[in-house]
1. Within region 179-200, identify whether any single residue is in a helix (DSSP H, G or I) and touching a Ser or Thr at 6+ places or on another chain (Cβ under 8 Å), and answer yes or no.
2. Is at least one residue of region 282-289 part of a loop (DSSP other than H, G, I, E, B) and open to solvent by 20 Å² or more (accessible area, probe 1.4 Å)?
3. Out of curiosity, is M84 crowded, with 20+ Cβ neighbours inside 10 Å and assigned to a loop (DSSP other than H, G, I, E, B)?
4. Which of (1) in contact with a Phe, Trp or Tyr (Cβ under 6 Å, 6 or more places away or on another chain); (2) part of a strand (DSSP E or B); (3) of a type outside the set (S, T, Y) does A330 not meet, given it meets every other one?
5. Tell me whether region 411-423 contains one or more residues that are farther than 18 Å from C296 by Cα, of a type in the set (V, I, T), open to solvent by 10 Å² or more (accessible area, probe 1.4 Å) and at pLDDT 90 or above.
6. Mind listing whichever residues of region 430-450 are in contact with an Asp or Glu (Cβ under 9 Å, 6 or more places away or on another chain) and hydrophobic (A, V, I, L, M, F, W, C)?
7. I need a count of the residues in region 138-158 that are assigned to a helix (DSSP H, G or I), closer than 22 Å to S12 by Cβ and modelled with pLDDT under 95.
8. Inside region 290-321, can you point out the residues that are among the charged types (D, E, K, R), open to solvent by 70 Å² or more (accessible area, probe 1.4 Å) and part of a loop (DSSP other than H, G, I, E, B)?
Amino acid sequence: MSTTKRINLSSSANSAKILFATDEWFACAENILSPYPPTFIADLYCEQGKVMDGWETRRKRTEGHDWCIVKLGCGDESSGSPMMIESVELDTAYFTGNQTPRVSIEAMKITRNKHDCNDDNDDYLYNWMPGAISRLARGKGIQGTGQSPKAIRHAHSACQTVALNTTNKLSDAWITILPMAELQPGYEETRYHTFQLDEDVTQKLEEIGGVTHIRLNYYPDGGVARMKVWGYPVSSSLANNSQQVSSRQSNHVELAASTTIHPHSSTSSTNPPPSSKLYLHPEISSVLHGGKGLACSNKHYGVPSNLIRTTLGVDMGDGWETARHPHRPAVVTKDPVTGLQDTPLMDWAVLKLGLGGVKEKIGGESSNGGVERIIIDTRHFKGNYPESVSIDACCCRTLSDDAVCASADKDIRNNGVVEWFPLLKRTALTADAEHEFLRDYGNILNGNRGVTHVRVSIYPDGGLSRVRIYGQPMMNEDYNDDRLRSHL
């Protein structure tokens, strides 16, 4: 190991810069370079959600994984010098359920193109990445945005092109200095992660005379508070002897054609969302009518009883949100048939309907009964809504709530105790909107059956603001009472 004084090569105080980041919905990538300790204010929220001091991406709902490019720095005077890396520190402070579960880091040395006549500046270290110059002029990324798939493809292509220009071989350009490694939540006893570079990696870096850029990969998404890349600048003589040749579009979510979407951005006092209008049948799931949030698989950021509140959600804290699954896949893939994420991971919540539940529909079309309408509301959940949702139901008027909840934590189709049946097939969701499903439109399965409890399943994780179930109640109350018709 060198006796040269080590510095933090990824600190903004040493002129390190972010050139590109795939997603910066919750927090910009520049935060990860800050030389100051991360901070946390418990009740501080913004339009995108909880304010976090780090780089945090939205929950991955499209293919791939998140990543960013960092131009390393060692001070203004020698910004173009290659650098030797000895170790990396990652701090997940305060990211206790939303930290990225796995990371890797690649590094490469970018050299001046032999046809570049501007040898009096270091523009070549920045302008190879599309959008980098405008980002640097702006000073940082734009919170609440994510790069479009096209922009990500262009950035990836730029990484390959600069590699070919440097070494003529893609396999030799980007050197993995940190293979995929797991990160722990940002509690005080688990937040710090230190990785020493392997000897063979150090030897590769020495052979090429140091590196200028790194690529930090999140697998697949999440947040890290700070990154410190420890090393030192390579002397100019060694470097000379070792010469080697933003879009702001949101990620597209494929939605089921049968779903009626009502974005909250399109609503107003004169054009309220569907749940704020009177409906033929009461919202039986509402706490106003005796609905209960009984149990869930995870309640890191909220409890299921929030789902049945009468009002519209105030903020993300006024909903049910689960932690990011620590074992989510490193790279998100989609089922080519359904277009949904190809994953078995999910979280669930059990709700008990009020007014005795929904009575069974017996008779012809004119008879009442069954579930008529379902509204799934992702209000305020703009970067952490579930990729998709499904709902199962049961009619258990004699079993205890504990028995129903115990069966929900098992294979609900073959638990031998409770007969669960599908009510809403797995369907894609989108951000900050009410998703309306109507039996008359064929959206609801088994819509004629009686229901006392529902299990709401979200894939693979995320947050919902409200779940509203409408239908004819079992209890013989005054059905003309407007109290039963609306949550208002």
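1. To start, the set of residues in region 179-200 that are in a helix (DSSP H, G or I) comprises 199-200.
Still in the list and also touching a Ser or Thr at 6+ places or on another chain (Cβ under 8 Å): none.
So far as region 179-200 goes, no, none of its residues is in a helix (DSSP H, G or I) and touching a Ser or Thr at 6+ places or on another chain (Cβ under 8 Å).
2. Just the residues of region 282-289 that are part of a loop (DSSP other than H, G, I, E, B), to begin with: 282, 284-286.
The next check asks that each one be open to solvent by 20 Å² or more (accessible area, probe 1.4 Å); those that pass are none.
Checking region 282-289: not a single residue is part of a loop (DSSP other than H, G, I, E, B) and open to solvent by 20 Å² or more (accessible area, probe 1.4 Å).
3. On the way: crowded, with 20+ Cβ neighbours inside 10 Å: yes; assigned to a loop (DSSP other than H, G, I, E, B): no.
Criteria not met by M84.
4. So the condition that A330 fails would be (2).
5. So far as region 411-423 goes, no, none of its residues is farther than 18 Å from C296 by Cα, of a type in the set (V, I, T), open to solvent by 10 Å² or more (accessible area, probe 1.4 Å) and at pLDDT 90 or above.
6. A433, L438, I444 - these are the residues of region 430-450 that are in contact with an Asp or Glu (Cβ under 9 Å, 6 or more places away or on another chain) and hydrophobic (A, V, I, L, M, F, W, C).
7. Kept after step one, since they are assigned to a helix (DSSP H, G or I), are these residues of region 138-158: 138, 149-158.
Applying the additional criterion that residues be closer than 22 Å to S12 by Cβ yields 138, 155.
Keeping just the survivors that are modelled with pLDDT under 95 gives 138.
Number of matching residues: 1.
8. So in region 290-321, the residues among the charged types (D, E, K, R) come out as 292, 299, 309, 315, 318, 321.
Then keep just the ones that are open to solvent by 70 Å² or more (accessible area, probe 1.4 Å); that gives 292, 299, 309.
Residues satisfying the conditions are K299, R309.
The values are calculated or read from the model by the stated rules, or taken from the named source; none is laboratory data. All of these numbers come straight from a predicted model, not from anything done at the bench. FYI the Cβ positions are ideal-geometry reconstructions off the backbone, even for glycines, and counts take in every protein chain you see. The protein model used for the area step is the full one, side chains on, heavy atoms only, and it has no ligands, DNA or RNA in it. Shrake-Rupley method; radii C 1.70, N 1.55, O 1.52, S 1.80 Å.
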